[in-house]
Amino acid sequence: MPDLATPLIAWYRDNARDLPWRAEGFGAWGVLVSEFMLQQTPVARVIPLLEAWLTRWPTPTALAADPPAAAVAQWANLGYPRRALWLHRAAVEIRDRHDGVVPREVEALLALTGIGDYTARAVAVFAYGERHPVVDTNTRRVIARAVDGRSQPGPPARGDLAAMTALLPRDDQDAAIVNAAMMELGALVCTARAARCDVCPISALCAWRAAGYPDTGDLRRKQAAYEGSDRQARGAVLHALRAAPSHALPADDVAADWPTPAQRDRAIDSLIVDGLVEVVDGNLRLPQ
DNA sequence: CACGCGTGGGG
DNA sequence: TCCCCAAGCGT
């Protein structure tokens, strides 16, 4: 396996986007919040809401002092609002178990609500400079192509972390840059739809390119159909309740035009279970 | 391990 | 237009 780190580091120095969480001194809490928001939500939509979030809650303790409902409301339209509840819960855990300081150990980060393999290592590496493999979907795609010679990665698997570890230089700072560079390359150059090999710093070393871009068959899990799904129904319920801020609505009036009432009711029930909808005297409202 | 979970932008 | 995609996580 040729050395990918050296060209990646040089490329990253010249081509990395100037993103808020990469600013010197952005802080571990800011990095952690950004990572929560970036879970399945594009960068461009995260940036303005991240700034607003950190202005309102500059520390985990500040967030923990407000009710979870405040976090859900501030989450606005980022999608997957359960993440707002998880982030709030993580803030409480940081206050109660870590004296209000975002932990730097991967194991401690993994124990927080809403933090998994990716986010734990992203915080440890990008906020604290520790040396670990950080593997997201971009990184997995770049490894699939450059190293394994396949057009797309399979589903996340054990072994992903080991594969990335093999690419990391010894030096902690260089390792952090290579982690970031793999993600950045996947986001900007070696994307899911296209591979811009003409501007890729490792095209000469790429196994997929060398093999003539074989289409290995796409093993990625397909996103479930959204049209007609329970998720869509939940989205419609939330949309209706957001449109009626502060006052509760009779349950029958919420998304009343939804084509299948049973599905609408199921969506409401699941949102109540998740803590994203409240029942007050038989009326529904967003938690407050 | 495969599935459920929002919302919106771009090719 | 419509479909695909987007720094995952919990169960």
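The values are calculated or read from the model by the stated rules, or taken from the named source; none is laboratory data. Values in this document were obtained by computation on a predicted structure and should not be read as measured data. No Cβ is skipped: glycine too gets one built from the backbone with ideal geometry, and neighbour counts run over all protein chains shown.
Quick one: which of A:185, A:109, A:85 is within 16 Å of DNA strand B (Cβ to nearest atom) and in a helix (DSSP H, G or I)?
A:85
Against the definition (of a type in the set (S, T, N, Q) and under 15 Å from the mean Cα position of the chain (by Cα)), how does residue A:55 come out, yes or no?
For residue A:55, the condition - of a type in the set (S, T, N, Q) and under 15 Å from the mean Cα position of the chain (by Cα) - is not met.
Which of the residues spanning segment A:42-95 are within 15 Å of DNA strand C (Cβ to nearest atom) and among the basic types (Lys, Arg)?
A:45, A:82, A:83, A:89
Can you name the condition, by its number, that residue A:73 falls short on among (1) touching a Leu at 6+ places or on another chain (Cβ under 8 Å); (2) without any contact (Cβ under 8 Å) to a residue 40 or more places away in the chain?
(2)
Scan A:100, A:79 and give me the residue that is outside the structural domain of residue A:272 (by TED's automatic domain parsing), assigned to a loop (DSSP other than H, G, I, E, B) and within 16 Å of DNA strand B (Cβ to nearest atom).
From the options A:100, A:79, the qualifying one is A:79.
For residue A:64, state whether it is more than 16 Å from DNA strand B (Cβ to nearest atom), under 18 Å from the mean Cα position of the chain (by Cα) and modelled with pLDDT of 95 or more.
So residue A:64 fails the test.
Examine segment A:15-22 for a residue that is polar (S, T, N, Q), free of Cβ contacts under 8 Å to residues at least 12 places away in the same chain and not assigned by TED's automatic domain parsing to the domain that holds residue A:235, and state whether such a residue exists.
No - not one qualifying residue is present in segment A:15-22.
Condition check: surrounded by fewer than 17 Cβ atoms within 10 Å (Cβ to Cβ) and more than 23 Å from the chain's Cα centre (by Cα). Does residue A:213 satisfy that?
Taking the combined requirement at face value, the residue satisfies it.
Starting from segment A:203-230, keep only residues that are closer than 16 Å to residue A:186 by Cβ, then list their pairs with residues that are exposed (fewer than 11 other Cβ atoms within 10 Å of the Cβ) and modelled with pLDDT under 95 whose Cβ atoms are within a distance under 7 Å, requiring at least 6 positions of separation or different chains.
A:220/A:155
Residues of segment A:113-134 being outside any loop (DSSP other than H, G, I, E, B) and more than 11 Å from DNA strand C (Cβ to nearest atom), which ones?
The answer is A:124, A:125, A:127.
Under 7 Å between Cβ atoms, at least 6 apart or on separate chains: pull out the pairs that start in segment A:79-90 with a residue that is closer than 16 Å to residue A:236 by Cα and aromatic (Phe, Trp, Tyr) and end on any residue that is near DNA strand B (Cβ under 9 Å from one of its atoms) and not in a helix (DSSP H, G or I).
Partner pairs satisfying both residue conditions: A:80/A:40.
Of the residues A:217, A:212, A:282, which is among the small types (Gly, Ala, Ser), modelled with pLDDT under 95 and closer than 20 Å to residue A:142 by Cα?
Going through A:217, A:212, A:282 in turn, the sole match is A:217.
Does segment A:24-41 contain at least one residue that is in the same structural domain as residue A:114 (by TED's automatic domain parsing), under 16 Å from residue A:176 (Cβ atoms), more than 11 Å from DNA strand C (Cβ to nearest atom) and surrounded by fewer than 13 Cβ atoms within 10 Å (Cβ to Cβ)?
yes
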